[in-house]
Structures are given as structure tokens and as C-alpha cells.
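The structure appears right after this line, and notes come after that.
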Amino acid sequence: MEGGRVTVTRPASVPESASASASAHAPAPVPARPDAASFRGALSRFATGVVVVTGLVGAQARPAGLTVNSFTSVSLDPPLVSFCAGRTSRTWPVLQTAERICVNILGAAQEETSRRLARSGPDKFAGVRWSPSPAGQPVLDGTIAWLECTVEAQHPAGDHHIVVARVHALGTTEGDGPLLFYRGGYGRFTPA
């Protein structure tokens with residue numbers, strides 16, 4: 001690669017037209033070990049949903065919450081989900097002490113809720129409306145689905161913890177579509 005252009009060497013047996021077509025789909029060369037910025041940039045092109053993991057913590061059963069976009073289903077039988085919590089998070093160590101947690105799948109209108117619970121600070125729940133799940137955990141108003149869980153396992157993985165949780169109860173609503181996260185910004189799903 002010279003001057004920002006990709007140079008492709010065509011084998012002698014490949015016709016010019018085939019080479020031009022193939023070069024349009026050739027992957028760009030990458031460094032042997034990607035740096036953090038290029039790795040984050042590549043992964044930001046994978047659109048994700050946004051969830052907030054909540055729970056009641058401490059002797060006063062205060063609500064706590066953590067915004068997460070690394071969430072996935074793991075197993076149908078038993079029903080398991082997974083999410084990643086940063087090792088530097090001050091909320092996850094507190095939240096993991098809750099008897100149960102609730103994964104709130106955010107709707108498109110909940111960008112402000114996502115931003116509020118992604119911040120650091122002691123009173124992130126100020127002004128956040130919620131109702132209790134069957135076991136009393138916070139289900140945020142406006143979520144399009146929620147999953148009440150217990151933590152099954154945690155695995156250290158680089159600068160995060162991979163958390164596997166068993167689902168005990170769930171609910172869905174007929175709200176708008178999901179809140180999406182793509183290339184560092186929020187967006188909405190538009191059906192084709």
C-alpha cells in the first residue's frame with residue numbers, strides 16, 4: 001500500500017476484468033497487531049442493541065444500573081444470556097452483590113436513559129422511572145423487553161468480565177423498535 005491506495009498484483013492467468021472485480025472486494029491490509037483505536041474502529045461497525053443491567057443493592061435496596069452494548073443470548077435450554085462489564089466499572093462490583101439482576105432491553109426513545117446510566121456518579125437513577133420485576137428488581141419504564149436473572153458465572157477476559165446469567169422471568173412490551181449503537185452513536189431500526 002502506497003500513498004493510501006491498495007496495490008494488487010494480479011496472477012498472469014487471471015484476466016484483467018476478473019482482477020478488477022476481485023480487487024474491489026479485497027480486504028485492506030491490517031497491522032500484525034491492531035492498536036486499540038483501529039480495533040475499536042473496526043468493531044464500531046457492528047451495530048448492537050443497548051441494554052441496562054439493573055439491581056437493588058445495599059441495606060437500603062437502592063437501584064443501581066449499568067449501560068451495556070455487549071449483550072447476547074447464550075442458550076435456550078437452560079435460558080442463559082451474557083454481557084460484558086468493564087473491569088474499571090465502579091457500578092458492576094456493587095451491582096453483582098444484588099440477589100438478582102434485570103437486563104432491560106432499551107427502546108429507541110430511551111437514549112437519555114442509556115446515557116444517564118452509562119455515567120459515573122452516585123445518583124444515576126435520579127429521575128429514572130421503573131417498576132419492580134417479580135423479584136423486585138428495577139424494570140425501566142419504556143423498555144421493550146426485560147429479563148430477570150441470577151449470575152451463573154463470571155470469566156475474566158482482558159479489560160472486561162464476561163458475565164453469564166440465568167433467566168428466571170421475562171416480559172416484553174409493544175413499544176417502538178430497539179435503541180441501536182453504531183460507530184459511537186445512537187440510532188433507530190427502520191424495517192425494510
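The values are calculated or read from the model by the stated rules, or taken from the named source; none is laboratory data. Note that the structure is predicted; figures quoted are calculated from it, not measured. Because the Cβ atoms are built from the backbone with ideal geometry, glycine has one as well, and the counts that use them run over all protein chains shown. All accessible areas refer to the heavy atoms of the entire protein, side chains included, with ligands and DNA or RNA removed. Shrake-Rupley method; radii C 1.70, N 1.55, O 1.52, S 1.80 Å.
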What is the stretch 67-164 by shape, rounded, prolate or oblate, if you read a ≥ b ≥ c off the alpha carbon gyration tensor as root eigenvalues and call it rounded for a/c under 1.5, prolate for a/b larger than b/c, and oblate otherwise? oblate
In Å², nearest 10: area of Trp130 left accessible to a 1.4 Å probe: 90 Å²
How would the stretch 127-191 be classified by its alpha-carbon gyration tensor: rounded, prolate or oblate, with rounded meaning a/c under 1.5 and the a/b versus b/c comparison settling the rest? oblate
Around Gln96: net Lys/Arg minus Asp/Glu count, Cβ-Cβ under 13 Å: +1
Sum of side-chain charges, Leu106 neighbourhood, beta-carbon under 12 Å (Lys, Arg +1; Asp, Glu -1): -1
Heavy atoms of the protein only, probe of 1.4 Å, neighbouring chains included. What is the accessible area of Asp123 in Å², nearest 10? 110 Å²
Phe189: accessible area at probe 1.4 Å, nearest 10 Å²? 120 Å²
Give the ranking of Ile162, Ile144 by solvent-accessible surface, highest area first, calculated with a 1.4 Å probe. Ile162, Ile144
